[in-house]
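The values are calculated or read from the model by the stated rules, or taken from the named source; none is laboratory data. Quantities reported herein were computed from a predicted structural model and do not represent experimental measurements. For neighbour counting, all protein chains shown are included, and Cβ atoms are generated from backbone atoms with ideal geometry for every residue, glycine included.
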């Protein structure tokens with residue numbers, strides 16, 4: 001089973017992915033691990049989002065993911081891996097995401113908002129300009145969760161209930 005989890009910057013996909021992997025007893029595959037796989041193949045970070053490289057990345061990630069049940073926390077994987085049994089998008093209003101960032105980094109709200117806006121815009125441009133992917137188009141996802149009123153445990157509970165109810 002392959003589950004991909006992604007979201008806009010500041011939605012704690014890392015924490016949710018780790019917690020879900022622990023809960024299900026499956027492997028957690030973080031973005032750092034995927035980035036290492038990609039760099040071992042000689043693909044630089046600059047070339048990672050180029051269209052001709054996307055298929056190679058897909059094959060690398062898929063080969064690794066098929067070794068075991070896995071939770072993948074890598075934004076590009078969600079759009080590349082049609083083979084994923086479940087694709088989850090975690091969303092939250094900017095204010096909630098910025099508040100979370102202020103707590104984690106102990107920075108002022110205005111700094112957190114600016115940091116999130118810049119990161120989100122960078123991701124949006126890269127995905128759209130390089131691969132034609134609109135990060136705000138949620139049609140590719142099976143489950144979209146608004147995390148603004150849920151903690152990580154509650155989000156894992158929602159995903160787990162969804163998995164139990166899936167056909168097949």
All conditions in (1) assigned to a loop (DSSP other than H, G, I, E, B); (2) farther than 25 Å from residue 159 by Cβ; (3) out of contact with any helix residue (DSSP H, G or I) (no Cβ under 8 Å at 6 or more places or on another chain); (4) in contact (Cβ under 8 Å) with a residue 12 or more places away in the chain are true of residue 56 except (1)
Identify the residue in the range 34-53 that is touching a helix residue (DSSP H, G or I) at 6+ places or on another chain (Cβ under 8 Å) and without any contact (Cβ under 8 Å) to a residue 60 or more places away in the chain and, among all such residues, is nearest to residue 157 (Cα to Cα). 34
Within the range 64-86, considering residues that are modelled with pLDDT of 85 or more and outside any loop (DSSP other than H, G, I, E, B), the one nearest to residue 165 (Cα to Cα): 86
Which one of the conditions (1) closer than 22 Å to residue 33 by Cβ; (2) touching a residue at least 12 places away in the same chain (Cβ under 8 Å); (3) part of a helix (DSSP H, G or I) does residue 89 fail to meet, given that it meets all the rest? (3)
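Within the range 92-120, take every residue that is part of a helix (DSSP H, G or I) and under 16 Å from the mean Cα position of the chain (by Cα) and give me the one that is surrounded by the most Cβ atoms within 10 Å (Cβ to Cβ). If you could, list the steps in order and put the result at the bottom.
Quick first cut of the range 92-120, residues part of a helix (DSSP H, G or I) only: 94-105, 109-120.
Narrowing further to those that are under 16 Å from the mean Cα position of the chain (by Cα): 97, 116, 119-120.
Numbers: 97: 24, 116: 20, 119: 14, 120: 17.
The residue in question is 97.
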Does residue 123 meet the test of being surrounded by 13 or more Cβ atoms within 10 Å (Cβ to Cβ), part of a helix (DSSP H, G or I) and out of contact with any helix residue (DSSP H, G or I) (no Cβ under 6 Å at 6 or more places or on another chain)? yes
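When you look at residue 142, is it under 17 Å from the mean Cα position of the chain (by Cα) and farther than 23 Å from residue 70 by Cβ, yes or no?
Numbers: under 17 Å from the mean Cα position of the chain (by Cα): yes; farther than 23 Å from residue 70 by Cβ: no.
No.
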How many residues of the range 19-36 are part of a helix (DSSP H, G or I) and either surrounded by fewer than 17 Cβ atoms within 10 Å (Cβ to Cβ) or under 11 Å from the mean Cα position of the chain (by Cα) (or both)? The answer is 7
Out of the residues in the range 38-53 that are crowded, with 17+ Cβ neighbours inside 10 Å and in a helix (DSSP H, G or I), state the one that is modelled with the highest pLDDT. 38
